[in-house]
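First, the structure itself, so that you have it in front of you.
The values are calculated or read from the model by the stated rules, or taken from the named source; none is laboratory data. All figures in this text were calculated on a predicted structure; none of them were measured in a lab. Positions of Cβ are backbone-derived with ideal geometry, glycine not excepted, and every protein chain shown enters the neighbour counts. Just the protein is used for accessible areas: all its heavy atoms, side chains included, with ligands, DNA and RNA removed. Shrake-Rupley method; radii C 1.70, N 1.55, O 1.52, S 1.80 Å.
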Protein chains: 2
Amino acid sequence: MLRLQGEMIRGGTSKCWIFDHHDVVATGVDLDTLLLAAFNAADPRQIDGVGGASSTTSKAAVVRTSSEPGVDIEYVFAQVGIGDERVEWASNCGNCATAVALYAVHHGLVPITSGSTTVRMINTNTGARLTGTIPTPGLAAPDQGTASVPGTSALGVPVLLGFQEPAGSTTGRALPTGRAIDTLTGPQGPVEASLVDAGAPAALFDAKAFGLDAATPLADFGAAVPALTVLRRRAALAMGLVGEDDPVGHAVPKVGIVGSPAPYRTTHGTLVGQDEYDLAVRMVSMHAPHPAIGLTSAVALATAAAIPGTLAHRFTQQTADGTLRLGTPAGVITTRTVPTPDGASPTVLLHRAARRIARAELLVPVLEGRPR
Amino acid sequence: MLRLQGEMIRGGTSKCWIFDHHDVVATGVDLDTLLLAAFNAADPRQIDGVGGASSTTSKAAVVRTSSEPGVDIEYVFAQVGIGDERVEWASNCGNCATAVALYAVHHGLVPITSGSTTVRMINTNTGARLTGTIPTPGLAAPDQGTASVPGTSALGVPVLLGFQEPAGSTTGRALPTGRAIDTLTGPQGPVEASLVDAGAPAALFDAKAFGLDAATPLADFGAAVPALTVLRRRAALAMGLVGEDDPVGHAVPKVGIVGSPAPYRTTHGTLVGQDEYDLAVRMVSMHAPHPAIGLTSAVALATAAAIPGTLAHRFTQQTADGTLRLGTPAGVITTRTVPTPDGASPTVLLHRAARRIARAELLVPVLEGRPR
């Protein structure tokens, strides 16, 4: 039985297993094989592994120090299959990035020299550059804090997560088609779409095109998912993410609906007033309504909302300081876009939280006879 | 942040966290508080803890050596709440018992003196006495094996699990009402029931009373769950488990339907022939159809099937050697009843499998100000 050190860390509303690159290499087993076995991906319940049998709890990242100037660490993100022996490598995960930052501070992958430590990261799936800034009072890595995020009442270490100039990280352009509005053909005919690439490629639609208010309860939003799945394929083709004959991955493009703010109740029952946020959004994750919003999607929305002509811009009341409050099913998530010197692509900041849940030695049932 | 050693071990089709009693005591925190925090029971997704957010993955046991002659270890089983800050202590879990046995062998709680080691256990929730027999070739505790159980294709260490004279462990009698058949009033009027107490208190009904075949697919069985929930309360009262004004716990009594064998497909699609098993059964777990069967329920069925007059006996073709093959949604589970010298209550044996998934140090967010 192969043994592998790892840490279960909550990043925001995701549970991620974080591994050290050197430990993975030392196993002599390829990473796909290792993760599929460790998580028991073959089983829809992941009963023989460390996976949590849901899209937000079947995640891993492998971390190493970076040799690139100005970068502390590199990590690769893995969305591990559930009842599906495949690992998806196509996307980044902002929640896991916060977990990676906390891991890096704890494992000495970045020096702690003051009361606040910034981990400069590259996500190798997408080339995205991120920063995670963590308080390190007394020059010590923290295990607890009082920060929280919408979607869980749990407290954790505050992590200020920055997506550095995220636009075009996958396709090279913030608007992959060169247009702020495209027209895509769904099951009910043509609909307007804003196709953006920032954080992750995303296709945003007007909620009204599906007869919905964007502040709709998740159950109602679910009715739009089949149509959005069809449109997702059209969007992937339009953005050049796949060819005509290729399957579209589960992770990207992100897809969802936007609209003007309206009063709504969060999934936990909290009333959110119309003036408490700037843009209503409901996203799809792994073919089901996302309980909150993926952070890379939040970055796409923040970027889109700053580009005149997009659907996100159309429904957003612009603020002077670049703050954008997204009304998600779990509550309001605040992003802030910060202009960069060249003006091409602003950096997007999010206040998040992370907590180490367990440090572990995994016993991985890799089949006998495989290289070790 | 409080730290606690634990192991994530798969026992059959459950994932259980096993802790050492001394480690728990050393925290200075009461066990309910500790488990609720470690699992993040408050959250329906258990996103800030080690819980797996399903009834079969939100389980724990705490183990200690026993001072009682003829007993090696004692363990208490905890069904930790999911979106519910409560721990249920009313029941035993056979799957976790196999995990406990494997843990005991690995942690030196029982000496290994031959190629096979039997762990003699008392479950302190119920007073049940169990044995777990594990191969220990070379006088070493095993981490891998080729045993499997219905409900997962994962392999593990074979564990022969024995429930020692299980009848009456909760109420003192195999038939708590003194009758093999009772009549209980459900939403559609009176129905026959066999109320048995072996492994766990269980109420068994004739599938036909709900217009069903006991070999029915789980989705169809789901339609009977509301009626069974009503009958479950009647059964709890009839067995004296609760008083008129008390709530009925989630864990016991077990409730389900039985019937004659008929061909069916398992949830994974495997065809099971009519002659491949002896009794069809569909059980309820935590108010939903159980994907297989709880082992304590299997013990109740094996015991009931051996008592003339019960519904289980009515539908079962008796075998000479005490073998009973239960047709469950996940596949066939074989029990064997072994007469004991006094003849009062046979021991029930089941072939199971367990695997250590991870050894961990949990970081438990117990609130500041609580005793440590």
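Relative contact order (percent) for chain A, with alpha-carbon contacts under 8 angstrom and 6 or more residues of separation? Spell out each step's value before the answer.
Numbers: 935 pairs, mean separation 72.9, N = 372.
20 percent.
A drop of at least 50 square angstrom in accessible area, chain alone versus all protein chains together, probe 1.4 Å. Which residues of the stretch A:41-56 meet that?
By number: A:Arg45, A:Ile47, A:Asp48.
Just to be sure I understand: chains B and A are related by a rotation, so which residue of B has its Cβ closest to that axis, and how close in Å?
B:Ala360, 2
Would you kindly calculate the mean projected area, averaged across all directions, of the convex hull enclosing the Cα atoms of chain B, in square nanometres?
Numbers: hull surface 73.6 nm².
For chain B, the mean projected area of the Cα convex hull comes to 18.4 nm².
Report the accessible surface area buried between chains B and A, summing both sides, using a 1.4 Å probe on protein heavy atoms only, in Å² rounded to the nearest 100. Please list the in-between numbers first.
On the way: alone 15170 and 15220 Å², together 27350 Å².
Summing both sides, the interface buries roughly 3000 Å².
While we're looking at this one, here's another question. Relative contact order for the stretch B:278-325: what percent, with Cα pairs under 8 Å and sequence separation of 6 or more? Please list the in-between numbers first.
Working: 35 pairs, mean separation 17.7, N = 48.
Once normalised by length, the contact order is 37 percent.
A 28 angstrom limit on the alpha carbon distance is what I want to check against. Which of A:Lys59/A:Lys208; A:Lys15/A:Lys254; B:Lys59/B:Lys208 exceed it? Don't skip to the end; give the middle numbers.
Details: A:Lys59/A:Lys208 33 Å; A:Lys15/A:Lys254 20 Å; B:Lys59/B:Lys208 33 Å.
In this structure, A:Lys59/A:Lys208; B:Lys59/B:Lys208 exceed 28 Å between Cα atoms.
As I understand it, the value is the acute angle between the Cα axis of helix B:225-238 and the longest principal axis of the Cα atoms of chain B; what does it come to in degrees, rounded to 10?
That helix lies at roughly 80 degrees to the long axis.
While we're looking at this one, here's another question. Using a 1.4 Å probe, what is the accessible area per residue for the stretch B:165-320, in Å²?
Values: 6220 Å² over 156 residues.
So the stretch B:165-320 comes to 40 Å² accessible per residue, rounded to a whole number.
Compute, for B:Asp246, the solvent-accessible surface of its heavy atoms (probe 1.4 Å) with the complete set of protein chains present, and express it in square angstrom to the nearest 10.
Around 70 Å² of this residue is reachable by solvent.
Under a Cβ-Cβ cut-off of 12 Å, what is the net charge of the residues other than A:Ala280 that fall near it, where Lys and Arg count +1 and Asp and Glu count -1?
On the way: positive: A:Lys208, A:Arg282, A:Arg325; negative: A:Asp206, A:Asp213, A:Glu276, A:Asp278.
Result for the local shell: -1.
Taking a label point 7 Å out from Cα toward Cβ, give me the nm distances from A:Arg265 to the same spot in the other copies, shortest first, one decimal.
Values, ascending and in nm: 4.0.
When the Karplus curve 6.51 cos²θ - 1.76 cosθ + 1.60 is applied with θ = phi - 60°, which whole-Hz ³J(HN,Hα) does each residue of the stretch A:77-89 get, with x for Gly and Pro?
So the J values, rounded to whole Hz, are 9, 10, 9, 8, x, 10, x, 7, 7, 9, 10, 9, 10.
Then there's this: For the stretch B:203-215, take each phi angle, set θ = phi - 60°, evaluate the Karplus expression 6.51 cos²θ - 1.76 cosθ + 1.60, and give the result in whole Hz per residue in order, putting x for glycine and proline.
Residue by residue, the stretch B:203-215 yields 10, 10, 10, 6, 3, 4, 4, 10, x, 10, 9, 5, 8 Hz.
Could you pull the Cα extents of the protein assembly as shown along its three principal axes, largest to smallest, in whole Å?
Sorted largest first, the three principal extents are 89, 55, 52 Å.
Just to check I understand the Karplus step: with θ = phi - 60° and J = 6.51 cos²θ - 1.76 cosθ + 1.60, what whole-Hz values come out for the stretch A:240-256, glycine and proline as x?
Rounded to whole hertz, the list is x, 6, 9, x, 3, 9, 8, x, 8, x, 6, 8, 10, x, 6, 9, x.
Heavy atoms only, probe 1.4 Å: what % of the accessible area of chain B goes to carbon and sulfur, would you let me know? Show your work: numbers first, answer last.
Values: 7170 of 13650 Å².
Carbon plus sulfur share of accessible area: 53 percent.
Between helix A:295-305 and chain A, what is the angle of the helix's C-alpha long axis to the longest principal axis, kept within 0 to 90° and rounded to the nearest 10?
30
Assign unit charges at the C-beta atoms only (+1 for Lys and Arg, -1 for Asp and Glu), then state the dipole size of chain A relative to its Cα centre in Debye, rounded to the nearest 20. Could the numbers behind the result be given before it?
Details: 27 positive and 31 negative charges, 99 e Å.
For this selection, approximately 480 debye.
Normalising by the residue count of the stretch A:182-337, find the relative contact order in percent from Cα pairs under 8 Å and 6+ residues apart.
Working: 315 pairs, mean separation 39.0, N = 156.
Reported as a whole number, the value is 25 percent.
Which of the peptides B:195-204, A:98-107, A:42-51, A:306-315 is most tightly packed, and how do the rest follow, judged by the mean count of other Cβ atoms within 10 Å per residue? Can you show the working numbers first?
Details: B:195-204: 29.3, A:98-107: 27.1, A:42-51: 23.6, A:306-315: 19.3.
Final packing ranking: B:195-204, A:98-107, A:42-51, A:306-315.
When the expected Rg is taken as 2.2 N^0.38 Å, what fraction or multiple of it is the alpha-carbon Rg of the stretch A:182-337?
On the way: Rg = 14.3 Å, N = 156, 2.2 N^0.38 = 15.0 Å.
Normalised Rg, Cα atoms only: 0.96.
Provide an ascending nm list, one decimal, of label-point separations from A:Leu367 to the equivalent residue in each further copy; define each label point as 7 Å from Cα along Cα→Cβ.
List, nearest first: 5.1 nm.
List the residues of the stretch B:1-37 whose accessible area drops by at least 50 Å² when all protein chains are present, compared with their chain alone, using a 1.4 Å probe and counting only protein heavy atoms.
When all protein chains are present, B:Met1, B:Lys15 each give up 50 Å² or more of accessible surface.
Same structure, new question: Placing a label point 7 Å from Cα toward Cβ, how far apart in nm is B:Pro187 from its equivalents in the other copies, listed shortest first to one decimal?
B:Pro187 label point versus its equivalents elsewhere: 3.1 nm.
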